[in-house]
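First comes the structure, then the notes that go with it.
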C-alpha cells in the first residue's frame, strides 16, 4: 500500500487568492472527482473543524468524516479522514509568478483493514486505486488553479 501520493501545480495568483479557494472546504465537491460534497460543521474551517463528506466513484457512494489537523492560513491545510486514517493536505508556496500548490494524500500508519479490502475488491487493487487518486489530484489542482486565477 502506498503511504504517500502527491501532485503539484503552479498557479498564477498570490497565496491569499489560492488560500481563499483551497480553504473553502464547502466547495471541495467542485474540485474533487471523488469527494462530491463536504459539509463543514461549526462555521468557517479552522484547526479541529469537522466535516461530513459524500464520496462517489461510478455506482458506489459512501460517506466519510474528517477533522482538520493542520491549518496555517496561506501556507497549509490538512484533514484526516476518520474511516481510513488518511491525511489529505494542501501546501502553498509563494513563487515569483504566484503560488505552487501541492496536494498530498498520506497514510503514515497505513489504512484500515476495511479500506484495504474495499480497495482490493471494489477499486481494482492498490496500484489501480493509487493511479486513480493521482489523476484525481491533478484534476482537482487544475480546477483550483482555474478558480484562483479567475
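Computed from the coordinates by the stated procedures, all read-outs in this text should not be read as laboratory data. Predicted model, so just to flag it, every value in this text is computed and none were measured. Quick reminder, even Gly has a Cβ in these numbers, built from the backbone with ideal geometry, and neighbours come from all protein chains shown.
Overview of results
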| read-out | value |
| --- | --- |
| Value at 222 nm in deg cm²/dmol, rounded to 500, when DSSP H runs of n ≥ 4 in the chain each add -39,500 (n - 2.57) | -9500 deg cm²/dmol |
| For the chain, the Rg and Dmax computed from alpha carbons only, in angstrom | 14.9, 45 |
| Förster-model FRET efficiency, 35 Å R0, residue 126 and residue 20, C-beta, rounded to 0.05 | 0.50 |
| For region 1-43 versus region 62-106, the gap between their alpha-carbon centres in whole angstrom | 7 |
| Estimated inter-spin distance, residue 61 and residue 36, nm [label 7 Å along Cα→Cβ] | 0.5 |
